[in-house]
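A.B. asks: Dumping the structure here so I can ask a few things about it.
Laboratory data are not the source of any read-out in this text; all were calculated from the coordinates shown. Please read all numbers here as calculations on a predicted model, not as lab measurements.
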């Protein structure tokens, strides 16, 4: 349901954020939100560093996947082997 809400809002060109205890208590939930494209997450002060590390890791992985996809598309258009 959360994923659907994020994607629907994004389709309409709007920003979306979340506040509450879950992203502070469960870093994997914060990661999920980032992977879904959330724009902002409210955190408790005692969990900021731990959650920021999780978010940075998720964003780095998303960036690498995007780069790989673009390289693949570019090499496919030029007829090169993407090895």
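A.B. asks: If I compute volume of the Cα convex hull per residue in Å³ from the structure I just sent, which labelled value in (1) 88; (2) 116; (3) 107 lines up?
C.D. replies: The listed entry that was calculated here is (3).
A.B. asks: Give the angle, between 0 and 90 degrees and rounded to the nearest 10, that separates the Cα long axis of helix 27-36 from the longest principal axis of the Cα atoms of the chain.
C.D. replies: So the helix axis and the longest Cα principal axis differ by about 50 degrees.
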